[in-house]
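Written below as structure tokens is the structure these notes are about.
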Amino acid sequence: MSKTAPKLLIAASGTGGHVFPAIAVAQKLSGYQIEWLGVPDRLESKLVPKEYPLHLIRVGGFQGKFGISTLKTLAGLVRGIFQVRQLLKQGKFDAVFSTGGYISAPAILAGYSLGLPVVLHESNAIPGKVTRWLSPFCTKVAVGFVATSKYLPRAKTIYLGTPCRQQFLTPQPLDLAIPDASPLIVVVGGSQGAVALNQMIRECVNTWLDAGATIVHIVGGANAPLEKIEHPQYIVLPFYDNMAGLFQRADLAISRAGAATLNELMITRTPSILIPYPYAAEDHQYHNANVLAAANGALLFRQESLTAQFLSVEVLNLLQNPQRMAAMASNTSSLGVINSADLLADTIGASVNAHLLAQSHPVNGTEG
């Protein structure tokens with residue numbers, strides 16, 4: 001007897017870069033029964049239970065050289081595979097979808113071992129370890145950047161861009177006091193903030209304020225500056241929920257280079273100065289940023305070779321050259337895929353339908 005709706009397990013955990021694209025896709029799969037796989041005390045624990053049943057397992061990543069910690073991680077992975085296998089079997093799931101990261105390893109291997117379709121999305125230009133190792137076990141691997149496919153020669157890749165939250169696709173009002181005629185600079189260091197970036201920005205702020213700019217500086221909860229610069233056009237916030245409205249209004253963003261943030265900049269046509277986090281795994285933020293820089297949609301600087309004086313001048317040069325800013329906005333926009341969530345939902349649907357059709361018409365069976 002066929003089910004009324006296919007059942008999908010989404011494995012997405014940790015940061016917004018993994019969780020938000022998965023939520024964007026889930027919202028496009030209205031005809032599906034969706035449940036979620038995550039890790040305790042991560043972002044999904046706050047966002048997912050409002051909409052979908054959440055199952056939690058403990059799993060970590062392989063870090064550093066081989067040692068006792070590696071064996072513990074491997075034991076956790078094996079335990080996680082069996083836990084996810086049991087969940088998939090008992091829940092009678094039809095497919096698995098993951099956005100990468102540690103949680104995807106047990107999800108991919110458990111789904112593959114049960115013969116279920118597994119769709120993986122990789123948002124970074126340089127795929128992570130789990131994606132490189134396990135992509136051959138996936139039915140499809142959707143990538144956020146065209147160049148990513150060359151790092152996955154044994155996978156069935158398809159370029160679909162990275163899904164973006166719905167609010168970035170429609171105009172959002174701002175509740176901040178930003179003068180209409182003032183150019184807006186938005187500074188964001190990622191969900192955890194960025195101590196070195198925050199300090200460098202503060203050395204530049206007065207120069208930009210003197211030029212008439214308004215600056216919204218998202219410093220991160222643990223990295224708020226101790227000293228204050230009092231000015232009505234310098235707005236310091238630990239976090240801000242309406243990043244869509246902020247990027248839509250911004251004339252320029254100064255940012256780290258996580259894949260999710262870059263995708264939001266592309267969708268909102270926001271020119272940017274990108275300063276990748278220098279300690280990101282395998283320098284993946286630099287490679288993400290280089291995609292935008294190569295298309296002349298952003299300026300890319302290494303933190304270790306950048307000074308506050310140089311950054312200050314570069315920003316002023318951009319603000320004084322509106323034609324260049326307009327060209328950067330156009331180039332940035334050309335890299336974004338507005339309907340990525342729809343395309344990825346269609347890819348999942350095609351994989352599920354093929355699987356269900358194969359089950360109802362087994363090769364060695366007979367039709368009733």
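The values are calculated or read from the model by the stated rules, or taken from the named source; none is laboratory data. Here the structure is a predicted model, which means the values were calculated and not measured. We place every Cβ from the backbone using ideal geometry, glycine too, and count neighbours over all the protein chains shown.
For the stretch 75-102, a tally of residues being touching a His at 6+ places or on another chain (Cβ under 8 Å) and aromatic (Phe, Trp, Tyr) returns 1.
Residue-wise test of (1) assigned to a helix (DSSP H, G or I); (2) of a type in the set (Lys, Arg); (3) closer than 29 Å to Lys129 by Cβ.
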| site | (1), (2), (3) |
| --- | --- |
| Asn263 | yes, no, yes |
| Met266 | yes, no, yes |
| Thr270 | no, no, no |
| Pro278 | no, no, yes |
| His284 | yes, no, yes |
| Ala289 | yes, no, yes |
| Val313 | yes, no, no |
| Met325 | yes, no, no |
| Ser330 | yes, no, no |
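Residue-by-condition table, conditions (1) in the same structural domain as Ala22 (by TED's automatic domain parsing); (2) under 19 Å from the mean Cα position of the chain (by Cα):
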position: Leu292; (1), (2): no, yes
position: Gln309; (1), (2): no, no
position: Asn317; (1), (2): no, no
position: Ala345; (1), (2): yes, yes
position: Ile348; (1), (2): yes, yes
position: Ser351; (1), (2): yes, no
position: Leu356; (1), (2): yes, no
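Checked against the criterion of being modelled with pLDDT under 90 and touching a helix residue (DSSP H, G or I) at 6+ places or on another chain (Cβ under 7 Å), the candidates Gly64, Gly101, Gly80, Gly76 yield just one match: Gly101. Any residue at all in the stretch 183-192 that's modelled with pLDDT of 95 or more, assigned to a loop (DSSP other than H, G, I, E, B) and either crowded, with 21+ Cβ neighbours inside 10 Å or aliphatic (A, V, I, L, M) (or both)? Yes, the stretch 183-192 has at least one match.
For the stretch 160-189, the tally of residues that are within 19 Å of Val19 (Cβ to Cβ) and out of contact with any strand residue (DSSP E or B) (no Cβ under 8 Å at 6 or more places or on another chain) stands at 7. Cβ-Cβ contacts under 8 Å between residues 6 or more apart (or on different chains), taken from a first residue in the stretch 73-97 that is buried (at least 16 other Cβ atoms within 10 Å of the Cβ) to a second residue that is among the aromatic types (Phe, Trp, Tyr) and modelled with pLDDT of 95 or more, are listed as Leu87/Phe93. In the stretch 251-260, is there at least one residue being over 18 Å from the mean Cα position of the chain (by Cα), in contact (Cβ under 8 Å) with a residue 12 or more places away in the chain and assigned by TED's automatic domain parsing to the domain that holds Val205? The answer is yes; a qualifying residue exists. The residues in the stretch 330-355 that are free of Cβ contacts under 8 Å to residues at least 60 places away in the same chain and among the aliphatic types (A, V, I, L, M) can be counted, and the count is 1. Filtering the stretch 261-270 to residues that are surrounded by 24 or more Cβ atoms within 10 Å (Cβ to Cβ) and either modelled with pLDDT of 95 or more or in contact with a Pro (Cβ under 9 Å, 6 or more places away or on another chain) (or both) leaves Leu262, Asn263, Glu264, Leu265, Met266, Ile267, Thr268, Thr270. Listed by position, the strands (runs of 3 or more DSSP E) contained in the stretch 46-158 that have at least 3 residues being more than 19 Å from Pro6 (Cα to Cα) are 140-143.
Checking each residue in the stretch 5-33 for being in a loop (DSSP other than H, G, I, E, B) and either crowded, with 23+ Cβ neighbours inside 10 Å or in contact with a Cys (Cβ under 7 Å, 6 or more places away or on another chain) (or both) picks out Ala12, Ser13. Residues that are aromatic (Phe, Trp, Tyr) and touching a strand residue (DSSP E or B) at 6+ places or on another chain (Cβ under 8 Å) within the stretch 234-286 comprise Tyr234, Phe239, Tyr240, Phe247, Tyr286, listed in sequence order. Here Thr131 fulfils each of the conditions (1) in contact with a strand residue (DSSP E or B) (Cβ under 7 Å, 6 or more places away or on another chain); (2) farther than 30 Å from Ala107 by Cβ apart from (2). Looking at the structure I just gave you, is Pro276 over 18 Å from Gly336 (Cβ atoms) and not basic (Lys, Arg)? Yes, satisfied.
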